[in-house]
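What follows is a single structure, written as structure tokens, with notes after it.
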Amino acid sequence: MKILQWMLCGVLVCLAASAAERVDRGVVAVPAGAGQVHVGWRLLRADASDIAFNVYRRPAAGGEAAKLNAQPLTQSTDFTDFAAPAGVACEYFVRAVSAGRELEASSAGVVTVGAQEAVAQRDGKKPVVPEAAFVKIPLLGNYTVQSVAVADLTGDGKVDYVIKQPDGNIDPWEKYWHPSAGTFKLEAYGHEGKPLWQHDLGWAIEQGIWYAPYLVHDLDGDGKAEVAVKSGEGDPRDKDGRVQSGPEYLAILDGATGQEICHADWPGRDLFKAEGYNLASRNHLCVAYLDGKTPSIIIDRGTYKHIVIEAWKFHDRKLERQWRWDNKDLPRNYQGQGSHMLQAADINGDGRDEVIVGSCVLGADGKQLWTTGLGHPDSIYVGKLDPARKGLQIYYNIETGQKSNTMCMVDAATGKILWGYDQPTKHVHSHGLCSDIDPAQPGWECYGAESTNHTFVYSRLWSCAGQLLSDSLKWSFGPYAVLFDADPQREVLLGNRITKYNGPALATVSGKFLAVADVCGDWREEILASVPGELRIYTTTIPARDRRVWLMQDPLYRNCVIRQTSGYYQCPTLSFDPATGATRESGK
């Protein structure tokens, strides 16, 4: 019954248009201990409720495949091979079983046992937490990565990767700004690690996240993802290294080759003369399904005061502007409401995405829908955060100092404040956290932290109903979280440790955190990280207790993953609650 419930939940929350990516089973095989290999694969929303799977192993060098399970697997979409041959490269693949008949084989995951054993060691009497198993993507050079996007670039149903390098960030505020030492490069890698292309953004784009948003998604419905990126021309740097002149574009690159297909003008700097260089340099991107069927590219200039947003459609290898919104002549409660990221979601259940600018929201037609007037939020999380309420909710961490409500939850459809922190704050800072991490509390817990001069002062952890759960967590400005073990709560990434909330560490990761997403394997999430010369995809080897639809087929989750390469990073949210199965229609 639980399996059916999860499959139905995945179907209910998925719009056909935004879940139309053609994907394979995403088989991943990694070492899981001495002589063991953990194999995971995807359950898709189109799968029949009675679908089962067989798991096969064969030598990568060639030979007969051996079926590893005695009976077709129905409880989960993972399997542990306890008799993997040591030192031998093996391929693992699955065959779906429907109505008693085996279907075609999936693509294979390849692993060699012994190359990367995820086994706990002991240093005297103190246990050493093992490093999580990972898949490695070698990079073209010995550098680190600033961000990574995931999508199918070639139309083969497999997830590929587009990175931006080098790592580091230049902020346009005069206290932090410094000249760029080089230029940003976008690089694409196939799912198996093959380099596909490199695209140099040039000196017209400074080396900071606000100058260089990009996203990767199938924008024209041909089954292959394109790359949308802010670009420029030539070398327009001033003598001090700032870029304050020259053309600026929304450019579309071919995902398979990196070649530019077309471009259109980005909202110009001249609109922001009164705000100056710092505020004029804030740019964002996201994708929205404004008609519920086809993706539109949403571009934004401005955060703290003046904001200009445009919607563009990519069709027949051309860009066409759909609408433009400008807050210049709007009331004060629409001024300076922008966030450090741009999010699209169907917040009212009409089948079309709205654009969450920050503390204000635009309808699918580009007209203002509502505003809280609370000011600039450093983070916004939209999803089925409270399973007891109908619809979706938004949790805000508001930077703008005020007497109350700087950590608050609102009804996503109306902007009505449901609860808020009733004390004054000066600067609630950074990405915070919103995830279901505590099994003792229903719904998603919400974390925010006060700061002085960007230095941590105190934190608050709230239940989804606004109950204060803790005022003593030393999580700085927020950890990240990941679905890693076998229960529906996320684990918390504290430093390099994946830990249970108020519980033990399960595993460690290396390098710089880049993203969390359900990239491969079953419903658990992967952690994407950067070490010099490598992109690593850390995945779980903990046996699952049930099976669930691939999270990327929830359109809200997919949109969150798409916008992760623009502005502040925030872990993706869902339009249903994994622990209770509540959908947006559930609740009071």
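The table that follows gives values for the structure above.
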| item | result |
| --- | --- |
| Failed condition for Thr257, given (1) closer than 21 Å to Asp353 by Cα; (2) in contact (Cβ under 8 Å) with a residue 60 or more places away in the chain | (1) |
| Selection count where residues are over 18 Å from Pro195 (Cβ atoms) and acidic (Asp, Glu), scope the stretch 127-176 | 4 |
| Test: residue in the stretch 179-191 that is free of Cβ contacts under 8 Å to residues at least 12 places away in the same chain and either part of a loop (DSSP other than H, G, I, E, B) or open to solvent by less than 10 Å² (accessible area, probe 1.4 Å) (or both) | no |
| Residue within the stretch 199-209 that is part of a loop (DSSP other than H, G, I, E, B), in contact (Cβ under 8 Å) with a residue 24 or more places away in the chain, among the polar types (S, T, N, Q) and within 22 Å of Glu233 (Cβ to Cβ) present | yes |
| Selected residue (only one of Ile394, Ile356, Ile437 is aliphatic (A, V, I, L, M) and more than 27 Å from Asp487 (Cα to Cα)) | Ile356 |
| Residue that is in contact (Cβ under 8 Å) with a residue 12 or more places away in the chain, part of a strand (DSSP E or B) and closer than 25 Å to Ile297 by Cβ, where the choices are Ile347, Ile356 | Ile356 |
| Strands (runs of 3 or more DSSP E) fully within the stretch 472-566 counting 1 or more residues that are open to solvent by 10 Å² or more (accessible area, probe 1.4 Å) and among the acidic types (Asp, Glu) | 534-538 |
| Flag if Gly401 is open to solvent by 10 Å² or more (accessible area, probe 1.4 Å) and of a type outside the set (A, V, I, L, M) | yes |
| Test for Glu174: is it assigned to a loop (DSSP other than H, G, I, E, B), of a type in the set (Asp, Glu), closer than 14 Å to Arg242 by Cβ and open to solvent by 20 Å² or more (accessible area, probe 1.4 Å) | yes |
| Residue in the stretch 222-243 that is in contact with a helix residue (DSSP H, G or I) (Cβ under 9 Å, 6 or more places away or on another chain) and not in a strand (DSSP E or B) present | yes |
| Conditions (1) buried (at least 22 other Cβ atoms within 10 Å of the Cβ); (2) part of a strand (DSSP E or B); (3) touching an Asp or Glu at 6+ places or on another chain (Cβ under 8 Å): number failed by Ala212 | (2) |
| The stretch 125-159 - residue that is in a strand (DSSP E or B) and free of Cβ contacts under 8 Å to residues at least 12 places away in the same chain and, of those, most open to solvent (accessible area, probe 1.4 Å) | Lys126 |
| Selection within the stretch 406-437 - surrounded by fewer than 19 Cβ atoms within 10 Å (Cβ to Cβ) and assigned to a loop (DSSP other than H, G, I, E, B) | Thr414, Gly415, Lys416, Asp422, Gln423, Pro424, Lys426 |
| Scope the stretch 215-225; condition on the phi < 0 side of the Ramachandran plot and surrounded by fewer than 23 Cβ atoms within 10 Å (Cβ to Cβ); matching residues | Asp218, Asp220, Asp222, Lys224 |
| For Gly26: the one exception among (1) on the phi > 0 side of the Ramachandran plot; (2) at pLDDT below 95 | (2) |
| Where Leu330 falls short, out of the listed (1) among the aliphatic types (A, V, I, L, M); (2) in contact (Cβ under 8 Å) with a residue 40 or more places away in the chain; (3) over 26 Å from Pro555 (Cα atoms) | (2) |
| 3 or more residues charged (D, E, K, R) and either at pLDDT 95 or above or more than 21 Å from Lys273 (Cα to Cα) (or both): qualifying strands (runs of 3 or more DSSP E) within the stretch 287-342 | 318-326 |
| Condition broken by Ser459, with the remaining ones in (1) more than 16 Å from Asp577 (Cα to Cα); (2) touching a residue at least 40 places away in the same chain (Cβ under 8 Å); (3) among the polar types (S, T, N, Q); (4) crowded, with 21+ Cβ neighbours inside 10 Å satisfied | (2) |
| The stretch 75-94: number of residues that are open to solvent by less than 70 Å² (accessible area, probe 1.4 Å) and either within 21 Å of Ala486 (Cβ to Cβ) or in a strand (DSSP E or B) (or both) | 12 |
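The values are calculated or read from the model by the stated rules, or taken from the named source; none is laboratory data. Here the structure is a predicted model, which is why all the values come from computation and not from measurement. Every residue, glycine as well, gets a Cβ built from its backbone with ideal geometry; the counts of neighbours run over all protein chains shown. Ligands, DNA and RNA are stripped out before the accessible areas are found, and what is left, the full protein with its side chains, is counted by its heavy atoms. Shrake-Rupley method; radii C 1.70, N 1.55, O 1.52, S 1.80 Å.
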